[in-house]
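Enquirer: Shown below is the structure under consideration.
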Amino acid sequence: MLAALYVGQDRDRQDLNLAEGWTRRWITRWKAGSSEIVCPVRDMAEVPAAVCGPVRSFSWRIPQRHRPGLAAMVSTRRLHGFESLNERKLLLALDFLGEVRDLLAQPMTLKSTTSTKRTIAHIPDFLVVTEAGVWLLDVRPVDLIGTEDRLRFAATTEAALSCGWRYLVVQAGGHRCRPPWTRCRLAVRRQRHVHSQLKRYPMSSMREIAIAITAARIKGSTEEVARLPPAAPTPEIIKSSPLRTKWTVPTSRTPRRPVV
């Protein structure tokens, strides 16, 4: 459990226009380069999300209350936009799961209709492709979820289920979501400490360590790391669990020489 999860109400679903053929009437708009892809909800799973980009830009200005930016993810080896610090924390937690294959921020605009023939639009925060399936994720503070938000969440839930996806709303804020974020931050700090110690070792030793860790990842075991001599200049955390070194924080600094 990453944080407190939002649970929708049946009355919110009843306010939607789910009459026969609603998957054809509800549409989604995606952005691929300078082009726009428009498709009904029933064909949403066929959209090539890998070539799409955010439908909304991540702007910043002085009077705004939220804090957008870019977060680096090792799982995708790319930078992903976020619109608040809570979204950045969610990206950090997703990266620690180790099952993310691809991720797209602000993936598409969903336009649905209510029982009163009113059109509502919603842009989910993230589209996450994992080994277990595809997820649509939203992050919203607990005290900011209003009536319109509940209606949009219900519509997004129906759209996701219609194409075999899953939808989740993470409620940011409150004491119940602080411990997971704290554990993730502590792991990152520990990882930075390990890499700061590795910088003090000669490049030849670093190359030997990197080769052993890479071989262990490919084989899925720790045999290659265990073969290192006991006096090898490497922290015990690397010898005991080389997979922990998978999570590193990319920086803009370029090394003078490659490790491998």
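Enquirer: If the viscosity is 0.692 mPa s and the temperature 37 °C, what Stokes-Einstein diffusion coefficient in µm²/s follows for region 1-136 when Rh is the Kirkwood radius over Cα pairs? Mind dumping the intermediate values first?
Expert: Working: Rh = 16.6 Å.
Answer from the Stokes-Einstein relation: 198 µm²/s.
Enquirer: Hey, another quick one. As a test of understanding, state the convex hull volume per residue of region 38-103 from its alpha carbons, in Å³.
Expert: In region 38-103, the Cα convex hull volume per residue is 119 Å³.
Enquirer: Right, another one. What list do you get for Asp95, Asp10, Asp149 if you sort them by fewest beta carbons within 10 Å?
Expert: Ordered by Cβ neighbours within 10 Å, fewest first: Asp10, Asp149, Asp95.
Enquirer: What does the convex hull of the alpha-carbon atoms of region 71-141 project to on average, in nm²?
Expert: Mean projected area of the Cα convex hull: 5.5 nm².
Enquirer: Which order do Arg150, Arg13, Arg24 fall in if you start with the one that has the fewest other Cβ atoms within 10 Å?
Expert: Arg24, Arg13, Arg150
Enquirer: Additional query: For region 10-106, which GluC sites (Glu not before Pro) are both in a DSSP coil and crowded by at most 10 other Cβ atoms within 10 Å?
Expert: Counting only loop positions with at most 10 other Cβ atoms within 10 Å, the GluC sites (Glu not before Pro) in region 10-106 are Glu20.
Enquirer: Then there's this: Can you pull the one-decimal nm distance between simple spin-label points at Glu20 and Asp102, each 7 Å off the Cα toward Cβ?
Expert: A separation of 3.6 nm, rounded to one decimal place.
Enquirer: Among the chymotrypsin sites (Phe, Trp or Tyr not before Pro) within region 25-59, which fall in a DSSP loop and have no more than 15 other Cβ atoms within 10 Å of their own Cβ?
Expert: Phe58
FYI, it's all coordinate maths here, none of it is from the lab. As the structure is a computational prediction, the values presented were derived from the model and not from experiment. Positions of Cβ are backbone-derived with ideal geometry, glycine not excepted, and every protein chain shown enters the neighbour counts.
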